[in-house]
Amino acid sequence: QVLPVESGGGLVQAGGSLRLSCAASGRTFSSYAMGWFRQAPGKEREFVAAISWSGSRTYYENSVKGRFTISRDNAKNTVYLQMNSLKPEDTGVYYCARKVGGPMGIPEGYTYWGQGTQVTVSS
């Protein structure tokens, strides 16, 4: 199984926007829920958002609700994370992964992690 590839990160000022993409491979992509996590320096990896296999259900960490939107295009094997009204505390490496079990917000319930994309929000 080829690992997913994240892209779209960068440096942005507070209040700005970024759109992250996670390109996965394999014919089973549309069978799995997918999630986005982030990790700031010196901190543990934390849940950001997740989406069901069909895209009909989405889940968000409280601090990003109303600012971030997760979506997917199964025809393109891609998951997106639209991030608006970015804050300095959103800074970190953002990873996507395939959900294999357990609660939505637990990293241990995910596998096939990408290498991540850096998001830096300046104040």
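The values are calculated or read from the model by the stated rules, or taken from the named source; none is laboratory data. The model shown is predicted, which means the values in this text are computed figures rather than measured ones. Backbone-built Cβ (ideal geometry, glycine too); neighbour counts: all protein chains shown. Quick note on the areas: whole protein, heavy atoms, side chains included, nothing else; ligands and nucleic acids left out. Shrake-Rupley method; radii C 1.70, N 1.55, O 1.52, S 1.80 Å.
General remarks:
- Hits in segment 114-123 (condition: surrounded by fewer than 17 Cβ atoms within 10 Å (Cβ to Cβ), in contact with a strand residue (DSSP E or B) (Cβ under 6 Å, 6 or more places away or on another chain) and either within 13 Å of residue 36 (Cα to Cα) or of a type outside the set (Ser, Thr, Tyr) (or both)): 118
- Of all residues in segment 55-82, those that are acidic (Asp, Glu) and open to solvent by 70 Å² or more (accessible area, probe 1.4 Å) total 0.
- Residue list for segment 84-114, restricted to those being part of a loop (DSSP other than H, G, I, E, B), within 15 Å of the chain's Cα centre (by Cα) and modelled with pLDDT of 95 or more: 84, 86, 91
- Single condition residue 97 does not satisfy, out of (1) among the aliphatic types (A, V, I, L, M); (2) open to solvent by 10 Å² or more (accessible area, probe 1.4 Å); (3) out of contact with any Lys or Arg (no Cβ under 9 Å at 6 or more places or on another chain): (2)
- Residue count for segment 1-54, restricted to those that are β-branched (Val, Ile, Thr) and crowded, with 19+ Cβ neighbours inside 10 Å: 2
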